Amino acid sequence: MPVKNNLNAPHALLSGDEALAQGAYEAGVKVAASYPGTPATEILEYMSKFDEVDCQWSVNEKVAYEVAYSSAVAGVRAIFSAKHVGLNVAMDSIMTSAYTGINAGFVVVTCDEPGLHSSQNEQDNRLLAKMAKLPLIEPSSPSEAKEFVKKAFEISEKFDTPVILRLTTRIAHTKENVLVEKRQEQAKKHYRPCFEKYVMVPKNAGARHAELEKRLARLKKYSGSSSLNAVEMGDKKIGFITSGVSYLYAKEMYPGASFLKLGMSYPFPEEKVRDFVKKVKTVYVIEELEPFIEEQCKIAGIKIKTKDESFRVGELRPEHIPLIVAGDKKKHTEKLSRKPVLCPGCSHRPVFWVLNKLKLNVAGDIGCYTLGASAPLSALHTCLCMGSGDTILEGFTKVLGRNVVGVMGDSTFVHSGITGLINLAYNKTNTVLIILDNSTTGMTGSQPHPATGITIKGERTKKLVLEDICRAAGADNVDVIDPFKIKELEFLIKKRTGEDKLSVIISRYPCRLVERRKSSAPLFLMDKCKKCGLCLKLDCPSIKKEDDGSVSIDAVTCVGCNLCVDVCPFGAILKND
Amino acid sequence: MTKKITDILFCGTGGQGVLKAAEICAVAAMKSGLHAKKTEVHGMAQRGGSVESHVRYGKRVFSPLTITGHVDFLVPFDRSEADKMAVELSKTGINLIKYLDISEKTLENRFFLNTFMVGALSRYLDIAEEHWIEAIKTVFKGKHTDENIRIFLEGRSTRI
Ligand SMILES: Cc1ncc(C[n+]2csc(CCOP(=O)(O)OP(=O)(O)O)c2C)c(N)n1
């Protein structure tokens, strides 16, 4: 989308996430629901500054999806946004919502992460659109995200269907000049109960499935004629069929070539593609991850050149395009990245220190605390998906016995850990779950959640009391402890793992990035240091190893948690108050 | 490749202000009437991991990512990250590492390293001073504005 160089218009430098939220706002969206997840988080964060939009961090993505979906059914424009794996959590509702359709416009935003900068997998959610039989919109840039989300609302209402809009990290987290415009309010649509449309019992659902197939056929016609799928004729010797940010990479490297840019890549605009391929001598499909466009071309018997399979893994870069054109494999030029570590003073560190010391098997989960998995702490041994800390704990306890604990963050526990705890209790499993309660969703940039008692708009609300819900779920013991009391923490974990009871230990201390508590850095006494290296095993970024084997403490970054004071066996680190 | 686009790569580690520096640069380019793109990966920025941000601006920018071997300016906040990223520079590209050295001697507060480096970068770019100042005001939303502008000008007048 060309940027209009009109300096009088109010341009802002917005990210793809922000521009998308701005576009939805301008399209009159009334309800927005999400659960944090990189790179989708900023969509709802940006939206929350608008008073006209009812915004919420939901408990998890399934809940968010249903809240937004039902708002659309009841008559107002609504938007759901999540990272790619968030759609897995919502998938049950997504699949059947394709049958019921909506009423007012409903846009489902997925932010995929090729290259998994901050994710546990790099699934390509274009395949989910096909599986759910929902139309798929793919902008290439922030300004397109703003325009296309408006189109998505129109398509949603015209065809009575949820519409999936897909960003990837390089769109979501790229900023560019975006034109900021006024909001257009939408009249509330009338809601009328309709047994055949909204109650998906087998008979109705069967009829709606037939309806869905008809809708798809109409959508296919639409995508064939829509301006979202645009031909840019250039050099007729070489052409590209592409979508999303891949379009920009190809355009960068071959600005004079011909392009068929798919802004609506599903249903597949078969005739338009066939026509383009007829006019251009050699046509390449350029796409990140899965061969989504490629397969649809092949099914239609359209002759195209495709990328080597090595490009199915990881992000595409502009440099890759000439390699694909040459039929080459991907070259590996990955640079060594610095290993991220827990922050100085992070309340997760003392827990992993103790778990490492006790040599326990630790079922883990996803959050900042997953950083406890890498050496030297090495005290978290699984990370699969959110909510799996206590369910993997169950399998491990069954098979490995009692030298097992599970750890989950507070936001993760609320997202999808509560059911796992109920399952442990119901199925008579005695084991120990540790909730690492730093009272925020740390990993994704400190969002509130039900156990913080604060909403996205910063208002106070009913606070979920973790102790109460753990007891109600069936835990026999619920202990709350300050993890910086490491001797007591060690004693407690030993005691609870030795009992035949279902125990929850809540390790509670606020995240340092939220409450910037800071005390003086401890003093290091060189003459007492025996160079044993034990303090370095804390993996604290403020403790640095010196060339002579001793250490130094960086007083600028140290927050004075004094964990190293407690860990040093020789009294070489002294509290400084 | 579409040239007449200026390609800048900012690199460092979490907490150094790399992303803010890139943002100032992109906003300044936008304020001077150009199309700017800035991309970054910041998932682990606050956890001490490597941080890089690409800024490209010109009449019309396509790829948000810079291309290896074609970067015009490397703005490093950390020595080892600078070594790693040097391959990204074009043959005529300029590495601003010398300004990082100078900052280590002259800058009282590392907190302002990013505005200092932006000042140094601004010496080489065809963007008017007023747009830089406006951009600093926009990005810091009025926080430490005077101090940031002072340090920016210090970087801008530093000669190597
Ligand atoms: C289904 C799903 N949704 C969202 C995410 C993104 N995400 C990763 S960890 C996490 C929560 C982290 O919060 P918490 O459990 O409180 O741990 P902390 O990071 O604070 O240590 C989120 C939202 C994800 N990986 N999967």
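The values are calculated or read from the model by the stated rules, or taken from the named source; none is laboratory data. What you are looking at is a predicted structure, and each value in this text was computed from that prediction instead of being measured. When we count neighbours, we look across all protein chains shown, and the Cβ atoms used for this are built from the backbone with ideal geometry, even at glycine. Please note that ligands, DNA and RNA were not included when accessible areas were found on the heavy atoms of the full protein model with its side chains. Shrake-Rupley method; radii C 1.70, N 1.55, O 1.52, S 1.80 Å.
Observations on the model:
- In the protein assembly as shown, a dipole from Cβ-located charges (positive for Lys and Arg, negative for Asp and Glu) runs towards its positive end, and of A:ALA572, A:ALA425, A:ASN562 it is A:ALA425 whose Cα lies farthest in that direction.
- Centre-to-centre separation between the Cα atoms of the stretch A:113-145 and those of the stretch A:308-356: 19 Å.
- Once you reduce the stretch A:206-239 and the stretch B:143-160 to the center of their Cα atoms, the two points are 53 Å from each other.
- Estimated distance in nm for a label pair at B:ILE160 and A:ASN477, the labels positioned 7 Å out from Cα along Cα-to-Cβ: 6.0 nm
- A:SER520-A:SER446 pseudo-label distance in nm [points 7 Å out on the Cα-to-Cβ vector]: 2.6 nm
- For A:ILE299, the accessible area of its heavy atoms, probed at 1.4 Å with every protein chain present, is near 140 square angstrom.
- Overall, the anisotropy analysis places the stretch A:438-577 in the oblate class: the square-rooted eigenvalues a ≥ b ≥ c of its C-alpha gyration tensor yield a/c not less than 1.5, with a/b not exceeding b/c.
- Directionally averaged projected area (convex hull, Cα atoms, the stretch A:348-508), nm²: 8.6 nm²
- Residue order by solvent-accessible surface for B:HIS144, B:HIS54 is B:HIS144, B:HIS54, largest first, with ligands and nucleic acids left out and a 1.4 Å probe.
- Beta bridges from DSSP with both residues in the protein assembly as shown: antiparallel share about 35 percent, rounded to the nearest 5.
- Point-to-point label distance, A:ASP160-A:ALA375, nm (Cα→Cβ direction, 7 Å offset): 6.2 nm
- Fluctuation leader among B:GLY142, B:GLY93, B:GLY12 - chain B, Gaussian network, Cα springs under 10 angstrom: B:GLY142
- Estimated dipole of chain A in Debye, rounded to 20 [Cβ of Lys and Arg +1, of Asp and Glu -1, Cα centre]: 720 debye
- DSSP-loop GluC sites (Glu not before Pro) across the stretch B:18-126, with at most 16 other Cβ within 10 angstrom: B:GLU108
- Helical segments meeting 24 Å axial Cα length and Kyte-Doolittle -1.0 threshold in chain A (DSSP H): A:142-159
- Rounded, prolate or oblate (a/c below 1.5 giving rounded, otherwise prolate when a/b exceeds b/c) for the stretch A:7-81 by Cα gyration tensor: oblate
- Rolling a 1.4 Å probe over the protein heavy atoms leaves B:VAL139 with an accessible area of roughly 20 Å².
- Reported to the nearest whole Å, the Cα centre-to-centre distance from the stretch A:459-490 to the stretch B:119-139 is 50.
- Probe 1.4 Å, all protein chains present, accessible-area order of A:LYS30, A:LYS357, A:LYS221, largest first: A:LYS221, A:LYS357, A:LYS30
- Here the stretch B:1-115 carries DSSP beta bridges of which approximately 65% are antiparallel, counting only pairs with both residues inside.
- Relative to the Cα centre, the charge distribution of the stretch A:215-318, modelled as +1 at Lys and Arg Cβ and -1 at Asp and Glu Cβ, gives a dipole magnitude of about 520 debye.
- Gyration tensor verdict on the stretch B:1-148 (Cα atoms; rounded if a/c is under 1.5, prolate if a/b is larger than b/c, oblate otherwise): rounded
- On the principal axes of its alpha-carbon atoms, the protein assembly as shown has extents of 79, 74, 49 Å, going from largest to smallest.
- All other residues whose Cβ lies under 9 angstrom from that of A:TYR46 are scored, Lys and Arg at +1 and Asp and Glu at -1, for a net of -3.
- Taking every protein chain into account, the accessible area of chain B amounts to 40 square angstrom per residue (probe 1.4 Å).
- Computed with a 1.4 Å probe on the full set of protein chains, the accessible area for A:LYS530 sits at about 130 Å².
- Within 10 Å of each Cβ in A:115-121, the average number of Cβ atoms from other chains: 2
- Theoretical gain in end-to-end length, A:LYS495 to A:THR461 [0.36 nm per residue, Cα-Cα removed]: 8.7 nm
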